[in-house]
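Report on the structure given below.
Derivation of every value follows stated rules applied to the coordinates shown; laboratory data play no part. Please read these numbers as outputs of a predicted model, since none were measured by experiment. Note that each Cβ is placed from the backbone with ideal geometry, even for glycine, and that neighbours are counted across all protein chains shown.
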Amino acid sequence: MRTVSELLDAHQRDPTRLLQLLRDVQAASGQWLPPRVLTEVANGLGLPRAHVEGVAGFYAFLHLEPVGRFRVLVSDNITDVFAGSHDTLRAFSERLHVEPGHVRTDGVVSLDRTSCTGLCDQPPAILVNGRAISRVVGERLDAVVACIEAGTPVDRWPEALLHVDEGIRQRGPVLSSRLAPGAALRRVLEQGHDARTKTLEAARLRGRGGAGFPVVTKWETCRTAPGDSVVVCNADEGEPGTFKDRVLLATCADLVVEGMTVAAHCTQATTGFIYLRGEYTFLEGHLRGVLERRRREGLLGQGILGERGFDFDIDLHLGAGAYVCGEETALIESLEGKRGVPRHRPPFPVTNGYLGRPTIVNNVETYADVAVVFANGVEAWSALGTEKSTGSKLLSVAGDVERPGVYEVPWGVTLRDVLALAGGVDARAVQVSGPSGELVAPFEFDRRLCFEDLACAGAIAVFGPRRDLLEVALNFARFFAHESCGFCTPCRVGTHVAARSLSKLQQGRGSSVELTELETLAHLLRDTSHCGLGVMAPNAYRHWLRKFPEDVRRRLSASFEPSFDVEAALMNGRHEGARR
Ligand SMILES: Cc1cc2nc3c(=O)[nH]c(=O)nc-3n(C[C@H](O)[C@H](O)[C@H](O)COP(=O)(O)O)c2cc1C
Ligand code: SF4
């Protein structure tokens, strides 16, 4: 086991590596960070101790209090819940003799819930010491309990138990690509700058992480900004219901890294990062292997493919359980070793990003698409999709479908087509793009998935005829309340108030007062939040209120009316005061 001092040296005593260092120190010092360790880290990096403690306290997977030697976290994502994750939690609680939220008295095991783990196609999923385990019911649950009680370190658990299925259901140009490493890069080197820009323009490629920003605009702004550019791959994939980036990184990592290297050439970047969500540590070894092999093949490092001055390398950073770090400026803060609090914008990362340098942040799939565009040519790419949404899209389909998994479809397919493919034709609602996306009702199933109509970052969560959509809305609202970084008051408080109002409706104690409060909160959050998390948080319930009025009416308590009207009372008081 390495000492704190050895780990500090391994991280070059570099403050920007604070998060990575804390992850390693915690793993070495028994799953938590005792006060003396924080002091040693602070001294070793020359940082104020309060800063180090502040960073450690921000991330859900770093612990300032003792936790069990085995830390079991059960996914609380709604598709896991509908697949029985509450039963899984109860079974662990009974079999391991520990209450959720507690550590067993012998210190061996602690049990809790966690946000989506990115295994929604294989529910119910859990994390044990950060290692993702799928389908934890029946014999697989027995096996987890047995391994914990035997004290077997997680990396020595049976391979079959740790195995995560690939999960590909339908391939398109990206998932079926057999691109030889370096092939797209060679094409890029053959073209001059103008031809490369033309290729990107003609492909009309837009980012796959949600906002759909044109790739060429972002890259050109970065290239022309003063300073040494940085290329970042956003592999934080924290939106509940999304797992297509997991599949891409597991099966097509070369394609993603190739796209990043193309980006480096186009933006003249020398530094690259893959920011991998903490839940995907099982991919860490694989990704480091791919990066190392590409260095040996001359596809990363100094003088890539023999081209003088084409120097670029990629470092792998791991997150630690903070959804907000998927937001690009929060991600950059996290890469710099800080709390993942979103920055003020402008300036934007393309001119002032990582350590103030011009930085592009793109989604995993965006980089894979770039490699395919350059390898197969613009015509093949634009032959698929629609006018404003060219090419293909990877969808993570989960929930009440016969065939959950990743489907690569041409942009422009209808939601009904997707449901038919996955076997979910009797759906009563579909959540598109996760909790921050849109709840879609059956009367809209002919809408097309594309930027012109129903934009989708990747998640398609299907809810069958018997599902309670209020339970879905409440689950999402609690997710946002949990994940709010707390920087601004509307989001920090508003997300909790929204969850409380929905909870009252669920308990049959809700009235029109709660509905009005939810609408008011939706406006407040949208208009005053500092970042996209707060702006999109009301999407958790807004569409349910609008599109399922019968459902909403049924949940209102007929008998309950508030006995005390604050506004009326204040108004009376004001009149009284005026009279005196
Ligand atoms: C709260 C929040 C979470 C986000 N999470 C992710 C994420 O996990 N992956 C991602 O690619 N983009 C995420 N985004 C969007 C990023 O900020 C950014 O727009 C994206 O990485 C840009 O890549 P693209 O242009 O290739 O889509 C998130 C945004 C917000 C507001
Ligand atoms: S909107 Fe929410 S997540 Fe975003 S900065 Fe404010 S508190 Fe943090």
Query raised in the report: Is the chain rounded, prolate or oblate when judged by the Cα gyration tensor, a ≥ b ≥ c being the square roots of its eigenvalues, rounded requiring a/c under 1.5 and prolate requiring a/b larger than b/c?
Result: rounded
Query - Length gained when the stretch ARG36-GLU297 is fully extended (0.36 nm per residue, less Cα-Cα span) - result: 89.6 nm
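Arranged from highest to lowest average of other beta-carbon atoms within 10 Å per residue, in what order do the peptides 177-184, 265-272 appear?
On the way: 177-184: 16.0, 265-272: 20.9.
So the peptides 177-184, 265-272, ranked by packing, come out 265-272, 177-184.
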Query raised in the report: Distance from the Cα centre of segment 133-174 to that of segment 397-412, in angstrom?
Result: 22
Requested in this report: List the residues of segment 373-416 whose backbone N lies under 15 Å from a point placed 7 Å from the Cα of ARG428 along the Cα-to-Cβ direction.
Outcome: 400-401
Query raised in the report: Can you give me the pair-distance distribution of segment 148-240, C-alpha pairs, 10 Å bins, whole percents?
Result: 10, 25, 32, 16, 12, 4, 0
Query - Computed Kirkwood radius, in angstrom, where 1/r is averaged over Cα pairs of segment 243-308 - result: 12.7
Report task. Starting from the Cα of LYS547, draw a straight line to each of the aspartates and glutamates and keep only those under 16 Å, dropping any in the same chain fewer than 8 residues away. Result -> GLU438, GLU444, ASP446, ASP468, GLU471, GLU519
Query raised in the report: Averaged over all directions, how much area does the convex hull of the C-alpha atoms of segment 469-555 cover when projected, in nm²?
Result: 4.8
Query raised in the report: How compact and how long is segment 67-144, expressed as Rg and Dmax of its alpha-carbon atoms in Å?
Result: 11.2, 35
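About its Cα centre, what dipole magnitude does the chain give when the only charges are +1 on Lys and Arg Cβ and -1 on Asp and Glu Cβ, stated in debye to the nearest 20? Intermediate results must be reported in sequence, preceding the final value.
On the way: 66 positive and 72 negative charges, 120 e Å.
The calculated dipole for the chain is roughly 580 debye.
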Query raised in the report: Along the charge dipole of the chain, Cβ charges K/R +1 and D/E -1, which of LEU127, GLY326, VAL462 sits furthest on the positive end?
Result: GLY326
Report task. With both partners inside segment 70-165, how many of the DSSP beta bridges are antiparallel, as a percent to the nearest 5? Result -> 55
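Going down the table (LYS198/LYS388; LYS198/LYS244; LYS218/LYS393; LYS218/LYS338; LYS198/LYS218), which pairs top 22 Å between alpha carbons?
Values: LYS198/LYS388 17 Å; LYS198/LYS244 29 Å; LYS218/LYS393 20 Å; LYS218/LYS338 25 Å; LYS198/LYS218 14 Å.
Those over the limit are LYS198/LYS244; LYS218/LYS338.
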Report task. For segment 331-475, evaluate the Debye formula with one uniform point scatterer on each Cα (no solvent term) and list log10 I(q)/I(0) at q = 0.12, 0.14 Å⁻¹, rounded to two decimals. Result -> -0.64, -0.82
**Report entry** Pairwise label distance in nanometres, ASP446 with SER382, each label 7 Å out on the Cα-Cβ vector
**Finding:** 3.0
Query raised in the report: Taking the Cα centre of segment 469-555 as the origin, how large is its charge dipole in debye, to the nearest 20, when only Lys and Arg (+1) and Asp and Glu (-1) carry charge on their Cβ atoms?
Result: 160
Query raised in the report: Label points 7 Å out from Cα along the Cβ direction at THR3 and ASP551: separation in nm?
Result: 5.9
Query - Relative packing of peptides 245-255, 286-296, 365-375 - highest average C-beta neighbours within 10 Å first - result: 365-375, 245-255, 286-296
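What FRET efficiency, computed as 1/(1 + (r/R0)^6) with R0 = 45 Å and r the Cβ-Cβ distance, is obtained for SER93 and GLN191, rounded to the nearest 0.05?
It comes out at approximately 0.15.
Can you compute the FRET efficiency between HIS496 and ALA10 using 1/(1 + (r/R0)^6), with r the Cβ-Cβ distance and R0 = 45 Å? Round to the nearest 0.05.
Working: r = 40 Å, r/R0 = 0.89.
Calculated value: 0.65.
In debye, nearest 20, what is the charge dipole magnitude of segment 137-224 about its Cα centre with +1 on Lys and Arg Cβ and -1 on Asp and Glu Cβ, if you could check?
Numbers: 14 positive and 11 negative charges, 171 e Å.
Once rounded to the nearest 20, the dipole reads 820 debye.
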Query raised in the report: Tell me, what is the FRET efficiency for LEU305 and HIS51 to the nearest 0.05, using R0 = 60 angstrom and their Cβ-Cβ distance as r?
Result: 0.90
Query raised in the report: Can you list the residues, at least 5 places off or on another chain, whose amide H is less than 5 Å from the amide H of VAL109, using H built in the peptide plane?
Result: ARG69, PHE70, ARG104
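Given axes a ≥ b ≥ c from the Cα gyration tensor, I'd like to know whether segment 169-380 is rounded (a/c under 1.5), prolate (a/b larger than b/c) or oblate.
Values: a/c = 1.36, a/b = 1.15, b/c = 1.18.
It is rounded, given that a/c, with a ≥ b ≥ c, falls under 1.5.
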